[in-house]
Amino acid sequence: MKNLWNDKDAKATKKTGQNEDLALTVYATRLLGRDSDLVLHGGGNTSVKTTIQDVHGRDTEVLYVKGSGRDMATMEIEDFPALHLQPLQDLYSLDRLSDAEMVSALRGAMLDALQPMPSVETLVHAFLPYKNIHHTHSNAVLALSNRAEGEDLCREVFGDRIAVAPYSMSGFKLAITVLEADSGKDGILIPRHGLFTFGDTAKQAYRRMIDLVTTAVNHLAEAGGQGIKAAAIPFECAAVSDIAPVLRGLAAIPGKEEGNFERFILDFRDNKDVLDFVNGADIERYANAGNVTPDHVIHIKPKPLIVGDLDAATEVMDAYEADYKAYFDRHSDGSQIMLDPKPRVILVPGLGLFGLGRTPFEAARAADLAECTAKVVTAAESLGDFEGASEADLFNIEYWGPEQEKLGTAGDKPLLGQVAVMTGGASGIGLATAQMFAGAGAVVAVLDLDGDQASEAASGLGGLGLACDVTDADAVKTAFNEITCNFGGVDILVSNAGAAWQGRIGEVDEAVLRKSFELNFWGHQNAAQAAVSIMKAQGTGGCLLFNTSKQALNPGRDFGPYGLPKAATLFLMKQYALDHGRDGIRSNAVNADRIRSGLLSDDMIASRSKARDLSEKDYMSGNLLGREVMADDVARAFLHLALSPVTTAATLTVDGGNIEASLR
Ligand SMILES: [Zn+2]
């Protein structure tokens, strides 16, 4: 492990007026946090004890400690709340301190109540007498310590450089246990949790962390046996795009209203470490042997779901839920409310693993922690059987208030967890709709003929942009497969791609009419068919939305090439509603007119208004309300239909009012 400390960079972290001890700690924290083999996603913490001046100019001893749940890689000075040290140290004399009392004591010791809540391990930092304390959940250290004889092995490997403290529940108890184990060494190791190192300076505590972790890495490399023994995978595994929707559907949580589900986004991983891990002959044993460090449990539950045979996926999911309920009943004292019993990590031998979360970020976090688990367990197994944190310890952390508070909530946006695909999504109505759906919590996939524009549109929304010609059924299937590999499936299709061709119907060239049918009818059919096949695999219903047009109901003169396929698409919408209502799939359309876009370009507006002897303004607002209709108005109508759970086979008109084109 490389020591990345650089005195010049460390010094440069301090800005004018800032406390030097804190600035150096911020620098060290970032160095530690950037190494995913040391900490991940809010794990680990650091602190420094220093003297600052209060508002009266009096010297005050404070503890700066990492804010709870903050990511060490991106820490700033303001992510370290300052706490009065003495009142925290006074807590040591107590025989017991409840979690609520601890939280209240931490709040009470804060110099600035608006700063972030301090780490749940703050009392460890306050009680230990060292100026600088660094704490990580190093993979190599956990690979050594997480086994039946882990404590002995760690003493043997690290010699007298460290003290070993027994595993203890975080909070007051952990702080007492660690202080009792302290004997003035470089650090303290807690098997099945992680490593603390100490120093007079941040540089020294950091160096000791790197030195000790390097010792662990070297020991594993030297003593390493064969690692995980691979099982023979007897079957040719199905593709990710086939498996993901099935798993996603099984993981969805039925809501209170029929047909309503809380859905998850899936993040797939299949690097070599992951494949070695999921293909192991003993996967059932080591994958169920407990989290590598307890705070992972709040993101990935105590156990993953293992799906060896897709045909048995429903049974193993049911068994997983029953097992989770039994785990809850075994450990709950009646004061906790059970969290949902669905897995956050799914292991598929022969294929890889999926992380699950309500947002792409949460899904990636679960997948990162699962990858970390794969690394630690693989390294641990090279020396014997891996044994993670015990079930009781995991329950205590999973249902511990201060840990739950770290999670926050993903919010209650109406489309949270749903994947929405927009064709023709890079501009005009498609882009406005993509923006509105993303704002409502959906993950959006933007398909457009222009791949660069699609990527640009999607990147601003945290989605996926792909080049796709919707008239090419194979290209559409490929794009939907890619969406499924990225997010796990599809819930909503906004089939929007279209273009206008004109011509007098008795004279128009056949090629023009056929070209328009390819895009304005077949483009919709290709996208809808690809979406429906994924929706059916998920088994959680779905929502198809078609952009038809006023032309579908009320033909415009010399506009047959555009209106005829659009009229067919209006019936396509009805046919999907009729044929796939029994699958829970709703199908609706928006009938919009005169929206300024690529389709109705400024040039076209000029020529069509001239043909009618109208000013451009009068042409664009020539409707009952006398107002120009905007792309956002259409997007709002699509969103409204997406959120109407029992509306299907409906057409919603967005045209400012046009009696001739009105439905009834
Ligand atoms: Zn920890």
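The values are calculated or read from the model by the stated rules, or taken from the named source; none is laboratory data. Quick caveat: nothing in here was measured; it's all calculated off a predicted structure. Methodologically, a virtual Cβ is constructed for each residue, glycine included, from the backbone with ideal geometry; neighbour enumeration extends over all protein chains shown.
Search region 41-59 for residues that are assigned by TED's automatic domain parsing to the domain that holds ARG30 and pair each with any residue that is part of a strand (DSSP E or B) and within 16 Å of the ligand (Cβ to nearest atom) when their beta-carbon atoms are under 6 Å apart and the residues are at least 6 apart or on different chains.
If the second residue must be part of a strand (DSSP E or B) and within 16 Å of the ligand (Cβ to nearest atom), the pairs left are GLY44/HIS135; GLY44/THR136; ASN45/HIS135; THR46/HIS134; SER47/VAL65; SER47/ILE133.
State all residues of region 1-60 that are surrounded by 18 or more Cβ atoms within 10 Å (Cβ to Cβ), among the polar types (S, T, N, Q) and within 16 Å of the ligand (Cβ to nearest atom); if no residue qualifies, say none.
THR29, ASN45, THR46, SER47
Restricting region 183-217 to residues that are under 31 Å from the mean Cα position of the chain (by Cα) and part of a helix (DSSP H, G or I), which is farthest from TRP5 (Cα to Cα)?
The extreme case among them is VAL217.
Tally the residues that are more than 32 Å from the chain's Cα centre (by Cα), of a type in the set (Gly, Ala, Ser) and farther than 25 Å from ALA637 by Cβ, restricting the search to region 487-504.
First, the residues of region 487-504 that are more than 32 Å from the chain's Cα centre (by Cα): 498-504.
Right, trim to of a type in the set (Gly, Ala, Ser) and you get 498-500, 503.
Filter again for farther than 25 Å from ALA637 by Cβ, leaving 503.
Total satisfying the criteria: 1.
Yes or no, residue by residue, for (1) at pLDDT below 90; (2) touching a Gly at 6+ places or on another chain (Cβ under 8 Å):
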| residue | (1), (2) |
| --- | --- |
| CYS154 | no, no |
| ARG161 | no, yes |
| ALA165 | no, no |
| SER170 | yes, no |
| ALA181 | no, no |
| LYS185 | no, no |
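Among the listed residues LEU275, LEU347, LEU356, identify the single one that is outside the structural domain of PRO166 (by TED's automatic domain parsing), closer than 28 Å to ALA148 by Cβ, buried (at least 16 other Cβ atoms within 10 Å of the Cβ) and under 18 Å from the mean Cα position of the chain (by Cα).
LEU347
Quickly run through region 129-186 and pick out the residues that are among the small types (Gly, Ala, Ser) and over 18 Å from ASP393 (Cβ atoms).
Of everything in region 129-186, those that are among the small types (Gly, Ala, Ser) and over 18 Å from ASP393 (Cβ atoms) turn out to be SER138, ALA140, ALA143, GLY159, ALA163, SER183, GLY184.
Which one is farthest from ILE228 (Cα to Cα), of the residues in region 289-306 that are outside any helix (DSSP H, G or I) and either in the same structural domain as GLU121 (by TED's automatic domain parsing) or modelled with pLDDT under 95 (or both)?
In this case the residue turns out to be THR293.
Exactly one condition in (1) assigned to a loop (DSSP other than H, G, I, E, B); (2) more than 24 Å from the chain's Cα centre (by Cα); (3) among the acidic types (Asp, Glu) is not met by ASP412; state its number.
All conditions pass for ASP412, except number (2).
Results for (1) assigned to a loop (DSSP other than H, G, I, E, B); (2) among the aliphatic types (A, V, I, L, M), shown as yes or no for each residue.
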{"residue": "ALA454", "(1), (2)": "no, yes"}
{"residue": "GLY462", "(1), (2)": "yes, no"}
{"residue": "GLY465", "(1), (2)": "no, no"}
{"residue": "VAL470", "(1), (2)": "yes, yes"}
{"residue": "LYS477", "(1), (2)": "no, no"}
{"residue": "PHE480", "(1), (2)": "no, no"}
{"residue": "VAL494", "(1), (2)": "no, yes"}
{"residue": "ALA499", "(1), (2)": "yes, yes"}
{"residue": "ILE505", "(1), (2)": "yes, yes"}
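Check ASP295 against each of (1) within 16 Å of the ligand (Cβ to nearest atom); (2) among the acidic types (Asp, Glu); (3) under 20 Å from LYS536 (Cα atoms) and name the one condition it does not meet.
Unmet condition: (3).
Is it the case, given these coordinates, that LYS66 is crowded, with 17+ Cβ neighbours inside 10 Å, basic (Lys, Arg) and within 16 Å of the ligand (Cβ to nearest atom)?
In short, yes.
Go through region 131-158 residue by residue and tally those that are without any contact (Cβ under 8 Å) to a residue 24 or more places away in the chain and β-branched (Val, Ile, Thr).
Adding up the residues that qualify gives 0.
Among the residues of region 235-249, is any aromatic (Phe, Trp, Tyr), surrounded by fewer than 23 Cβ atoms within 10 Å (Cβ to Cβ) and not in a loop (DSSP other than H, G, I, E, B)?
no
Taking the condition of being within 16 Å of the ligand (Cβ to nearest atom) and more than 26 Å from the chain's Cα centre (by Cα), how many residues in region 114-139 meet it?
9
Which residue, of ALA326, ALA322, ALA281, is over 30 Å from CYS543 (Cβ atoms), surrounded by fewer than 22 Cβ atoms within 10 Å (Cβ to Cβ), touching a strand residue (DSSP E or B) at 6+ places or on another chain (Cβ under 7 Å) and hydrophobic (A, V, I, L, M, F, W, C)?
Residue meeting the stated conditions: ALA281.
Does GLY425 satisfy the condition of being crowded, with 23+ Cβ neighbours inside 10 Å and closer than 28 Å to PRO645 by Cα?
yes
Would you mind finding the one in PHE480, PHE487, PHE521 that is modelled with pLDDT of 95 or more and within 14 Å of ALA567 (Cα to Cα)?
Only one candidate qualifies: PHE521.
Do you know which residues across region 638-664 are closer than 18 Å to VAL421 by Cα and touching a helix residue (DSSP H, G or I) at 6+ places or on another chain (Cβ under 9 Å)?
PHE638, LEU639, ALA642
Based on what the data block shows, is THR373 of a type in the set (S, T, N, Q), under 22 Å from ASN146 (Cβ atoms) and within 16 Å of the ligand (Cβ to nearest atom)?
Numbers: of a type in the set (S, T, N, Q): yes; under 22 Å from ASN146 (Cβ atoms): yes; within 16 Å of the ligand (Cβ to nearest atom): yes.
Yes.
Looking for something in contact with a strand residue (DSSP E or B) (Cβ under 6 Å, 6 or more places away or on another chain), modelled with pLDDT of 90 or more and closer than 23 Å to ILE298 by Cβ - is there at least one such residue anywhere in region 201-218?
Looking through region 201-218, none of the residues is in contact with a strand residue (DSSP E or B) (Cβ under 6 Å, 6 or more places away or on another chain), modelled with pLDDT of 90 or more and closer than 23 Å to ILE298 by Cβ.
Filter region 436-469 down to the residues that are buried (at least 18 other Cβ atoms within 10 Å of the Cβ) and under 16 Å from GLY417 (Cα atoms) and list them by number.
Those that are buried (at least 18 other Cβ atoms within 10 Å of the Cβ) and under 16 Å from GLY417 (Cα atoms): MET436, PHE437, ALA438, GLY441, ALA442, VAL443, VAL444, ALA445, LEU461, GLY463, LEU464.
Return the residues of region 440-452 that are under 25 Å from PHE361 (Cβ atoms), in a loop (DSSP other than H, G, I, E, B) and among the aliphatic types (A, V, I, L, M); say none if nothing qualifies.
Scanning region 440-452 gives ALA440, ALA442.
Output the residues belonging to region 479-507 that are farther than 30 Å from GLY539 by Cβ and touching a helix residue (DSSP H, G or I) at 6+ places or on another chain (Cβ under 6 Å). Break it down stepwise before answering.
Going residue by residue through region 479-507, those that are farther than 30 Å from GLY539 by Cβ are 498-507.
Residues satisfying the conditions are GLY498, ALA499, ALA500, TRP501, GLY503, ILE505.
So is GLY108 more than 20 Å from GLY194 (Cβ to Cβ) and more than 16 Å from the ligand (Cβ to nearest atom) or not?
Judged against the criteria, GLY108 is a match.
Counting just the residues of region 532-557 that are part of a helix (DSSP H, G or I) and under 29 Å from the mean Cα position of the chain (by Cα), which one comes out farthest from ASP242 (Cα to Cα)?
The extreme case among them is VAL532.
Name the residues in region 32-91 that are over 30 Å from VAL297 (Cβ atoms) and among the acidic types (Asp, Glu), would you?
Correct list: ASP54, ASP59, GLU61, ASP90.
Which one of LEU142, LEU220, LEU153 is farther than 30 Å from PRO343 by Cα and within 33 Å of the chain's Cα centre (by Cα)? Write out each step before concluding.
Details: LEU142 fails: farther than 30 Å from PRO343 by Cα; LEU153 fails: within 33 Å of the chain's Cα centre (by Cα).
Result of the check over LEU142, LEU220, LEU153: LEU220.
Given the structure, is MET72 within 16 Å of the ligand (Cβ to nearest atom), at pLDDT below 95 and over 24 Å from ASP37 (Cα atoms)?
No, not satisfied.
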